[in-house]
Amino acid sequence: MFVSTLCLLLAACFASSLPVAQVNFDDATIAKVEADMLQIATHSWELGTAAEALTELLAPSLSVFRSTAFPPPSSLSLAVGNTTAMMNIAVTTVRTKPADSLTLINGDGAVGDPASLGVAVLLANWTRSDLADQSFAQAARSELVYLTQIAPRTSDGAISHRASQVQLWADFVYMAPPFIAYFGALAGGGTESTLLQLAYDQCRLYRNYLSDDSGLWKHIVLGDEASQDFRHWGTGNAWAAAGMMRVLQTILHSDEAPQFESQQADLTAWIKEILTATWQHQQPNGTLMNVIDDPTTFPDSSSTALLAAVTYRLAVLTSDYTLIPAANNALSLIRQNVNSDGWLLDTVNPETFNTSSPPGTFSPEGQAFVLLLQAASNDFAASVSGTL
Ligand SMILES: *[C@@H]1O[C@H](CO)[C@@H](O)[C@H](O)[C@H]1NC(C)=O
Ligand SMILES: *[C@@H]1O[C@H](CO)[C@@H](O)[C@H](O)[C@H]1NC(C)=O
Ligand SMILES: *[C@@H]1O[C@H](CO)[C@@H](O)[C@H](O)[C@H]1NC(C)=O
Ligand SMILES: *[C@@H]1O[C@H](CO)[C@@H](O)[C@H](O)[C@H]1NC(C)=O
């Protein structure tokens with residue numbers, strides 16, 4: 001007993017002092033994962049998540065994970081990396097947006113989802129070659145007006161994830177707060193502090209409603225009962241942790257960072273809370289189950305990939321490597337689960353939440369999560385070797 005406890009302690013110490021980065025995907029496989037993603041991403045949140053993944057992986061100096069994030073360069077020719085696919089998404093979104101739409105794209109009834117495209121649209125504005133073109137800035141401003149002035153809210157200010165009723169989904173945290181924070185960090189002045197605080201407050205309010213004693217978040221609360229979902233959905237927890245991570249990084253790399261220290265500490269703690277609770281339920285081969293703490297549900301690669309990505313990001317930020325063995329185990333599972341054509345297997349169907357993707361069909365967001373995992377594990381490896 002004593003010996004095994006000691007070994008556990010030693011293992012923990014060892015893991016903390018000598019993190020080993022897991023080998024991730026080769027470039028050819030990642031190119032297939034990316035092409036597959038672009039082939040099947042159609043919904044607002046899928047395109048927004050794809051744009052973020054392309055930024056983090058292919059043009060990381062533009063992403064909020066870098067101190068170079070603010071302000072962005074005035075021209076794409078000054079950006080390091082390949083921004084073509086990401087910019088295509090932003091440009092197509094704004095060029096096809098109906099003139100009378102406040103939101104960036106049809107959100108299928110969701111408030112939050114169209115906002116997921118907002119960061120890419122703001123990047124398109126900052127780097128545009130035609131300085132007379134106000135369409136990107138205008139589209140981003142309308143989206144912000146919709147979120148902050150028109151969308152329904154709870155009495156304490158949580159912006160609803162649904163347009164037709166007040167209902168809170170964990171998914172919202174990845175879709176809207178990162179855009180609100182990013183808009184603020186670019187705006188400067190009073191708008192900046194107001195919007196950084198608003199993005200933080202949305203994370204705080206959503207956690208108040210959705211987190212419970214397990215440390216995990218429920219998926220959907222409030223609104224019509226038939227669509228409420230109190231289970232600890234893997235992808236919902238992944239959206240929440242990853243969204244809070246982007247808000248945290250946006251604050252950290254903004255010029256308001258010194259005024260937002262307690263907010264950064266809270267976000268760090270809230271992300272760690274989800275990750276610590278999550279990995280306790282990891283299966284021996286590295287996967288998470290679709291409902292994280294329900295082993296009778298099926299294995300889900302999508303949430304496993306995004307939660308592993310956030311785990312690497314948190315370790316880079318805090319130098320706390322406690323959860324890295326779990327992330328490494330998840331990464332090797334994801335490597336086994338990407339087939340030779342670049343498709344991620346064993347994903348939850350992102351539209352039912354509770355069934356696997358039918359045979360021969362794949363998850364657009366799952367494809368993006370593989371790219372986010374690659375970007376995060378690249379950064380972790382660079383951080384450990386002192387080259388980030
Ligand atoms: C950049 O990405 C685009 C779109 O994915 C691709 O067609 C192009 O070949 C890439 N350019 C370079 C220099 O890799
Ligand atoms: C659009 O880009 C310009 C720089 O070209 C910047 O001054 C302006 O604030 C940007 N608009 C938004 C909404 O970020
Ligand atoms: C991982 O383990 C789960 C059961 O915990 C199993 O259903 C799944 O098929 C395994 N995945 C791989 C790639 O072996
Ligand atoms: C999935 O959820 C739907 C809607 O809540 C329900 O009708 C269905 O029975 C569930 N399926 C499974 C396999 O749990």
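The values are calculated or read from the model by the stated rules, or taken from the named source; none is laboratory data. Model, not experiment: these values are computed from the prediction. We place every Cβ from the backbone using ideal geometry, glycine too, and count neighbours over all the protein chains shown. Accessible surface is based on the protein model in full, side chains and every heavy atom, while ligands, DNA and RNA are left aside. Shrake-Rupley method; radii C 1.70, N 1.55, O 1.52, S 1.80 Å.
So here's what we get for this one:
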item: The chain, Cα convex hull volume normalised per residue, Å³; result: 143
item: Options T387, V91, T311, ranked by Cα towards positive dipole end of the chain, top entry (Cβ charges); result: T387
item: Nearby aspartates and glutamates by direct alpha-carbon distance to K218 (threshold 14 angstrom, same-chain neighbours under 8 apart not counted); result: D171, D229, E273, D293, D294
item: Peptide ranges 292-304, 75-87, 190-202 listed from the most packed, as the mean C-beta count within 10 angstrom indicates; result: 292-304, 190-202, 75-87
item: Unit charges on C-beta of K, R, D, E only; dipole of the chain, Debye; result: 420
item: Calculated from backbone phi, Karplus (6.51, -1.76, 1.60) coupling profile of the range 239-247 in Hz, x at Gly/Pro; result: 4, 5, 5, 6, x, 4, 4, 5, 5
item: Percent carbon-and-sulfur accessible area, the chain, ignoring ligands, DNA and RNA, probe 1.4 Å; result: 56
item: Rounded to whole Hz, the Karplus (6.51, -1.76, 1.60) HN-Hα couplings of the range 175-185, x for glycine and proline; result: 8, 9, x, x, 5, 4, 5, 5, 4, x, 4
item: Estimated [θ] at 222 nm from DSSP helical runs (n ≥ 4, -39500 (n - 2.57)) normalised by residues in the chain, nearest 500; result: -17500 deg cm²/dmol
item: Value of relative contact order over the chain, rounded to a whole percent, pairs C-alpha under 8 Å and six or more apart; result: 19
item: Placed amide H near R153: partners under 5 Å, 5+ positions off or other chain; result: S160
item: In order through the range 307-313: 3J(HN,Hα) via Karplus (6.51 cos²θ - 1.76 cosθ + 1.60), integer Hz, x for Gly, Pro; result: 5, 5, 4, 5, 5, 5, 4
item: Cα-based reach from K97 at 12 Å (exclusive), listing aspartates and glutamates while leaving out same-chain residues under 8 positions away; result: E143
item: Surface accessible to a 1.4 Å probe, per residue, for the residues of the range 27-383, Å²; result: 35
